[in-house]
């Protein structure tokens, strides 16, 4: 999808396939052209491969540079935080967004999906569990129920058994069957691209709707999950606790074009650096901009040990991450590495 935050490099022998295998824009490589020798890559394919390699290298380089910047940034944060005007807060918030864009140029949805329906289902399943656990569960789910019509007709007990690893499986199964039936009966088996329609589906609220709209349809939206809410309060962008009020206040700070990617960056930072119980303050590039600096570990070396996923040298949450993700894919369910 052309307006997706992460796109696969196009490879082909003279024509581009319009078929996508992910709503974030990962495209299926087209079938080889019969006029092209199978063992001789075309010039287009070579250029695409070089571009893809360069993009991945840039992401890795950016991560390394951000790590160095973190040490310098944390060292600067020493003075107590002083009250600021609303204008000063807005300027600081926008600067934090720019810093996060440098730290996470590869930020993306951390749920595996190939189309809007899979993203909708995966997002519903992600409640009260990790994206990793969802990604390890959905391959079997989508293999058995690839369409809304299939899932609407599912046997509840069989569905519950498949999604059991995600927790709250009975309630989630009820929601999945209900929303699939609604898609079948009210929307012709297609996921609607409007928030007012999405929130009418069982188990779908504004958070889920914004995830689907932003990443499957390119419609800007703020995703207020636990990480996002925690960080924006730590950064004093808002004092609200209610997700809808948080969404409204953050939307007022940033231009609409930034909403979807801002959500990804903040959530990435919350999962990798600014943890709930012990944030890695000493390894945080935005330490000089953070009113909550010092709540976590400030020693740079100790803080580095708290970093997670690609920043800590560990696998990410996706089994099939985007091409420019600098980390390692997660392990499938049942391999002993999950």
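A quick yes/no check of all residues on (1) within 25 Å of residue 138 (Cβ to Cβ); (2) free of Cβ contacts under 8 Å to residues at least 12 places away in the same chain; (3) touching a strand residue (DSSP E or B) at 6+ places or on another chain (Cβ under 7 Å):
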site	(1), (2), (3)
262	no, no, no
268	yes, no, no
278	no, no, no
292	no, no, no
302	no, no, no
310	yes, no, no
324	yes, no, no
328	yes, no, yes
333	yes, no, no
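For region 198-211, give me each residue that is in contact with a helix residue (DSSP H, G or I) (Cβ under 6 Å, 6 or more places away or on another chain) and under 16 Å from residue 257 (Cα atoms). Result: 211, single match. Tell me, yes or no, whether region 76-91 has at least one residue that is buried (at least 17 other Cβ atoms within 10 Å of the Cβ), under 25 Å from the mean Cα position of the chain (by Cα) and at pLDDT 95 or above. No, region 76-91 has no match at all.
Rundown of residues vs (1) within 20 Å of the chain's Cα centre (by Cα); (2) closer than 21 Å to residue 89 by Cα, yes/no style:
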position	(1), (2)
264	yes, yes
269	yes, yes
276	yes, no
289	no, yes
312	yes, no
319	yes, no
322	yes, no
326	yes, no
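Filtering region 278-302 to residues that are touching a helix residue (DSSP H, G or I) at 6+ places or on another chain (Cβ under 7 Å) and outside any loop (DSSP other than H, G, I, E, B) leaves 281, 282, 283, 287, 288, 289, 300, 302.
The values are calculated or read from the model by the stated rules, or taken from the named source; none is laboratory data. Quick caveat: nothing in here was measured; it's all calculated off a predicted structure. Positions of Cβ are generated from backbone atoms using ideal geometry, with glycine treated the same way; all protein chains shown enter the neighbour counts.
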